[in-house]
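Notes follow the structure.
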Amino acid sequence: MTRKRSLIGSLTAVFALTGILAGCGGNNNAGSGGAATPPSGSAATTAPAATAAEVQKVNFSIVSARPGDEAFYKEQMDIFMKANPEVKVTVIANPTEQYNNALQLSFAANEGPDIFFIEGGQPQARTVYDNKWVEPLDSYIDDAFVARFPEGAFSRTSQTRVNGEVIGIPVRDPRFDKVRPLYYNKTILEQYGYSEPPKTHSEFVAAATKITKEGKGQVYGFAMMGKAPAVFGLSVSGLGSGLEGGVIGYEGNTIINLKTGQFSAKSATPVVEILRQLNAQKIVAPGWENWDTAQMHQQFAAGRVAMFIGAAWQAEEIRKLNDGMDMGIAAAPVPDAGRSGYRDTPTIAEPRYAMSAQSKSKEGAWKVLDFLGSVEFERANYEYAKELVLMPAAMEGIAMSADMEQIVKVMDETIRMAPAVNTNNQNYDQFSKSISDAMPKPKIQEVFLKAVVSNEDPVALAEDYDAKANKVIDEQIKIANNGGIDFSREDLKYPDWNPMENYIIE
């Protein structure tokens, strides 16, 4: 069954984490080693000694992605320990680049930390689960703990669960990474006769065309951020967010139509055609193919570009360049016929803080996790990182920047929960990388980029790619079946899913 999510989600404090855990040994309880054993009947066996022995040592390994991360977590753990003197927490900060390798090495040496970050989305969550590094938390969490979070945060469709078991405490709202807003310069739009940003595809094309033609090389109506797949894809997924299914999985090169279970790059072609025409007619700012995001920010902040489609984090970067510019942030335009879908997110919550299965201090580790999942910690996290967290109550009463208010509004307006490809059958995770690796080359984002830059028909290119991609999927399912993995095309189908509503299964 499907149910609508009943409350507004929020952004999250994300630390771009990709590193963890060098030298994370020493998970024993205090008093488990080092001190000499007193003789039987000695006065050393007193109540104070027993109390000291009960103190649990908890190693908490974090990634220090920002200069202040280590100090922030140490400060928070000091607050925790003041209220919980029976637990001693040691914060171990790790550079981003060392994260995954150090994590693997620490667990291989049976020296995994008591608490650690899960970084890398669902693939990494699956890795720590399959390797038995993570302690399931179902026996620890209760209804009161669950009630702190948005509806569905620990549901079957939440990535906090793997094989039905909760493996981590969430912090950030995945929509922060998924939202693709339209950034626009209000002053430029007003100069050319527009009191508000375009709301439909045809309005968008008309405004971009008028501004570029009348700007005569001084200002351009629209620009893209370069030909790197990750940034070119922002324009496609943003403009495509109103299509049925929101061009599911486009930025990950896997466009699966979850109604039919078929790869369907053709579903994205309406917006690729818009970009092709704008580029062919020289409406897009020249030279965009060679830009990077920093150059896009500079052009926009300098008033040379009126509109672009980007990511949430870019608002702050633009403000650094021109804090006084009259910048607007709105939902990307939708098809003229109206919205028939939303930008998709496959989960309401992602696991961030996890308990090690190797921990000898699980009781203490859970107390720390309970603190990390508290309103108090998430409020502090929000105030420190200047980004929104998942827990709405943590942000009550705290002033939000005008830009962030607009981003949250766009998130609520443009993103809905869609089925994850693996919701029906998580065996998909065991061979999904094989599918991705075997996809036809060049991959679909590069094919669509070629259509735009070389002025080619995207529909014909997409139909050819779809045929090849679906053959790859069938072949990889067959290989998986032969290897003992139970999976079929039917597992990719969600015929009862309504793309206009959130998909949550409790």
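For this structure, a couple of remarks:
- Odd one out for Ala354, checked against (1) within 28 Å of Val421 (Cα to Cα); (2) open to solvent by 10 Å² or more (accessible area, probe 1.4 Å): (2)
- Among residues of segment 483-506, those that are of a type in the set (S, T, N, Q) and either crowded, with 17+ Cβ neighbours inside 10 Å or touching a strand residue (DSSP E or B) at 6+ places or on another chain (Cβ under 8 Å) (or both), counted: 1
- Subset of segment 429-460 [under 17 Å from Lys282 (Cα atoms) and not in a loop (DSSP other than H, G, I, E, B)]: Leu449, Lys450, Ala451, Val452, Val453
- Looking across segment 267-285, the residues that are within 23 Å of Phe300 (Cβ to Cβ), open to solvent by 10 Å² or more (accessible area, probe 1.4 Å) and part of a helix (DSSP H, G or I) come down to Ile274, Arg276, Gln277, Asn279, Ala280.
- Flag for Lys266 being without any contact (Cβ under 8 Å) to a residue 60 or more places away in the chain and of a type in the set (D, E, K, R): no
- Filter pass, Ile415 being surrounded by 16 or more Cβ atoms within 10 Å (Cβ to Cβ), of a type in the set (Val, Ile, Thr), over 30 Å from Ile479 (Cα atoms) and in contact with a helix residue (DSSP H, G or I) (Cβ under 7 Å, 6 or more places away or on another chain): yes
- Of the listed requirements (1) outside the structural domain of Gln56 (by TED's automatic domain parsing); (2) surrounded by fewer than 24 Cβ atoms within 10 Å (Cβ to Cβ); (3) part of a helix (DSSP H, G or I); (4) modelled with pLDDT of 95 or more, Glu317 misses just one: (4).
- Among residues of segment 205-233 being surrounded by 22 or more Cβ atoms within 10 Å (Cβ to Cβ) and under 20 Å from the mean Cα position of the chain (by Cα), the one that is nearest to Asp496 (Cα to Cα) is Gly233.
- Qualifying residue in segment 82-102 (condition: among the basic types (Lys, Arg), without any contact (Cβ under 8 Å) to a residue 12 or more places away in the chain and open to solvent by 20 Å² or more (accessible area, probe 1.4 Å)): yes
- Residue pairs meeting the criteria (Cβ under 6 Å; at least 6 apart or on separate chains; first among the hydrophobic types (A, V, I, L, M, F, W, C), in segment 62-78; second part of a helix (DSSP H, G or I) and open to solvent by less than 70 Å² (accessible area, probe 1.4 Å)): Ile62/Tyr73; Val63/Thr96; Val63/Tyr99; Ala65/Thr96; Phe72/Tyr384
- Of all residues in segment 484-506 being outside any loop (DSSP other than H, G, I, E, B) and acidic (Asp, Glu), the one that is farthest from Gln430 (Cα to Cα): Glu490
- Leading residue by the ranking (nearest to the chain's Cα centre (by Cα)) among those in segment 289-313 that are open to solvent by less than 10 Å² (accessible area, probe 1.4 Å), of a type in the set (Gly, Ala, Ser) and closer than 22 Å to Glu190 by Cβ: Gly310
- Out of Asn427, Asn422, sole residue that is modelled with pLDDT under 95, open to solvent by 40 Å² or more (accessible area, probe 1.4 Å), closer than 20 Å to Lys259 by Cα and not aromatic (Phe, Trp, Tyr): Asn427
- The condition of being open to solvent by less than 40 Å² (accessible area, probe 1.4 Å), touching a strand residue (DSSP E or B) at 6+ places or on another chain (Cβ under 6 Å) and of a type in the set (A, V, I, L, M, F, W, C) holds for only one of Ala480, Ala469, that being Ala469.
- Of the residues making up segment 182-198, not one is under 18 Å from Leu275 (Cβ atoms) and either among the charged types (D, E, K, R) or outside the structural domain of Val231 (by TED's automatic domain parsing) (or both).
- Cβ-Cβ distances below 6 Å connect the following pairs, each with a first residue in segment 210-226 that is over 15 Å from Leu189 (Cβ atoms), a second residue that is open to solvent by 10 Å² or more (accessible area, probe 1.4 Å), and a separation of six or more residues or different chains: Met225/Val231; Met225/Trp291; Met225/Thr293; Gly226/Trp291; Gly226/Asp292.
- Candidates Asp344, Asp336 - the one that is open to solvent by 20 Å² or more (accessible area, probe 1.4 Å), in contact (Cβ under 8 Å) with a residue 12 or more places away in the chain and closer than 30 Å to Glu405 by Cβ: Asp336
- Any hit, segment 117-131, residues being buried (at least 18 other Cβ atoms within 10 Å of the Cβ) and touching a Lys or Arg at 6+ places or on another chain (Cβ under 7 Å): yes
- Residue under evaluation Glu151, criteria (1) touching a residue at least 24 places away in the same chain (Cβ under 8 Å); (2) part of a helix (DSSP H, G or I); (3) open to solvent by 20 Å² or more (accessible area, probe 1.4 Å), criterion not met: (2)
- Yes/no for Gly249 being touching a strand residue (DSSP E or B) at 6+ places or on another chain (Cβ under 8 Å), modelled with pLDDT under 95, open to solvent by 20 Å² or more (accessible area, probe 1.4 Å) and closer than 21 Å to Leu492 by Cα: yes
- Once segment 165-204 is narrowed to residues that are crowded, with 23+ Cβ neighbours inside 10 Å and of a type in the set (Lys, Arg), the residue that is farthest from Ala315 (Cα to Cα) is Arg172.
- Applying the criterion of being charged (D, E, K, R) and outside any loop (DSSP other than H, G, I, E, B) to the residues of segment 154-167, the residue that is nearest to Leu388 (Cα to Cα) is Arg161.
The values are calculated or read from the model by the stated rules, or taken from the named source; none is laboratory data. Everything quoted here is computed from the prediction, not taken from an experiment. Note: ideal-geometry Cβ built from the backbone for every residue, glycine included; neighbour counts use all protein chains shown. In case anyone asks, the SASA skips ligands and DNA or RNA and just uses the protein heavy atoms, side chains included. Shrake-Rupley method; radii C 1.70, N 1.55, O 1.52, S 1.80 Å.
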